[in-house]
Amino acid sequence: MIDPDALDFDKGGGLIPAVVQDADTLQVLTLAYMDRDALQETVDSGEATFFSRSRGGRWRKGETSGDRLHVVSITPDCDGDALVVKVRPVGAACHLNRTSCFGDEDAPGLGRLARLERTVDARPADPEAPGYTSRLKVDGVKRIAQKVGEEGVETALAAVAGTDEELASEAADLLFHLIVLLNVRGLSLDAVMRVLEDRSRL
């Protein structure tokens, strides 16, 4: 994943700052520090482990709270003296039980789609479960595909004859149903983004 020997721990007195970022929403979750041992433990365990300056030693996120940070990637900056650690969090990243240490706001911008995708994925396809998303999943692919078609037409009509607010509302309905459709087919927005990335090279 990363070679600790390629990093400059000396510049920070043995510590390197680590910006922890949600791998899906790209929301910045926290800023922590790693020494060489914490970085190696992170690599070996796959869970974010830091050096706590207040405790004066190692600290793995979730040892007391149960909230974990499963590491997806670790990327050094150009000088090798700072890291971006992309994670998939289980629970809250902040000790105040918030998603992020940097305020109460949810994932910014398009990151909200990834947050919605997680919510959709967590909803069971169970007729006894409460909520519209679960009922949609029970109805299956054909019904959800029909809803995507209906919302697509309504979005187009709003674009031609509706207000900006109506267009935004219909577009939101379309995106929601498209995410549910992808989910029941076992796909994600990431699969769509990979196709778009390939097309951007044309």
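The values are calculated or read from the model by the stated rules, or taken from the named source; none is laboratory data. This structure is a prediction, so every number in the text was calculated from the model and none was measured. Don't worry about glycine lacking a Cβ; one is built from the backbone with ideal geometry, like all the others, and counts go over all protein chains shown.
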| field | Among (1) free of Cβ contacts under 8 Å to residues at least 40 places away in the same chain; (2) touching a helix residue (DSSP H, G or I) at 6+ places or on another chain (Cβ under 6 Å); (3) under 25 Å from T119 (Cα atoms) - the single one V180 does not satisfy | value | (1)
| field | Residue that is nearest to L189 (Cα to Cα) [pool: residues in segment 116-170 that are in contact (Cβ under 8 Å) with a residue 60 or more places away in the chain and of a type in the set (D, E)] | value | E117
| request: Name the residue, out of L116, L181, that is at pLDDT 95 or above and closer than 29 Å to R88 by Cβ. | output: L181
| said: Regarding segment 49-71, can at least one residue be identified that is exposed (fewer than 14 other Cβ atoms within 10 Å of the Cβ) and in contact (Cβ under 8 Å) with a residue 40 or more places away in the chain? | reply: no
| note | Subset of segment 155-171, residues of a type in the set (D, E, K, R) and either outside the structural domain of G186 (by TED's automatic domain parsing) or under 25 Å from M193 (Cβ atoms) (or both), comes to E170
| remark: Reported set for segment 1-16 where residues are exposed (fewer than 14 other Cβ atoms within 10 Å of the Cβ), over 14 Å from E41 (Cβ atoms) and touching a residue at least 40 places away in the same chain (Cβ under 8 Å) is A6, D8, K11
| field | Single residue of T155, T119, T163 found to be under 27 Å from D67 (Cβ atoms) and β-branched (V, I, T) | value | T119
| message | Being among the β-branched types (V, I, T) and either touching a helix residue (DSSP H, G or I) at 6+ places or on another chain (Cβ under 8 Å) or crowded, with 18+ Cβ neighbours inside 10 Å (or both) narrows it down to one residue among V87, V153; which is it? | response | V87
